[in-house]
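Throughout, read-outs are computed from the coordinates displayed, never taken from laboratory work. Everything quoted here is computed from the prediction, not taken from an experiment. Here the Cβ positions follow ideal geometry from the backbone for every residue, glycine too, while neighbour counts run over all protein chains shown.
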Amino acid sequence: MTGNAFSAQTGEQLKKLEEALLSDAVRKDPQELHFLLADEFRELGASGQRWSKAEIISELLTAPPARGRLESFEVYPLSGEAALVTYRAVSETEGSPPMESLRSSIWVRRDDRWQMLFHQGTLTRSESGR
């Protein structure tokens with residue numbers, strides 16, 4: 001993890017929030033999604049589609065169960081109240097090969113909690129597929 005302006009504790013907190021958003025427990029909980037995503041949230045999905053907060057919550061609630069893990073997690077402070085995180089995500093859906101993507105998110109601290117303001121995913125080929 002990188003970051004001079006943030007403590008290691010803040011980096012770990014942001015990592016746990018990203019991991020939570022990869023879990024089905026959070027992806028199927030509209031209240032938790034509303035809490036974690038800023039009202040003006042936007043996503044540029046790995047599919048090439050753009051999503052608003054309402055659209056991504058609706059999509060996640062109906063998506064098939066998946067398992068995800070993140071690798072190479074890094075934090076880049078943007079200000080005292082904002083950070084960019086980057087990582088590689090590996091998602092597995094039953095009956096499908098693992099999907100790898102490079103991900104970036106911008107998190108902002110508001111009302112003493114972190115919320116995701118922006119997220120982007122870019123599909124990559126797996127190491128074995130190169």
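Quick notes on this structure:
- Test: residue in the stretch 76-92 that is crowded, with 16+ Cβ neighbours inside 10 Å, of a type in the set (A, V, I, L, M) and touching a Phe, Trp or Tyr at 6+ places or on another chain (Cβ under 6 Å): yes
- Restricting attention to the stretch 5-31 and to residues that are surrounded by 12 or more Cβ atoms within 10 Å (Cβ to Cβ) and basic (K, R), the residue that is nearest to S104 (Cα to Cα) turns out to be K15.
- Within the stretch 18-73, being touching a residue at least 12 places away in the same chain (Cβ under 8 Å) and among the small types (G, A, S) holds for A20, S23, A38, G45, A46, A63, A66, G68, S72.
- Residue match in the stretch 3-14 (condition: charged (D, E, K, R) and assigned to a helix (DSSP H, G or I)): yes
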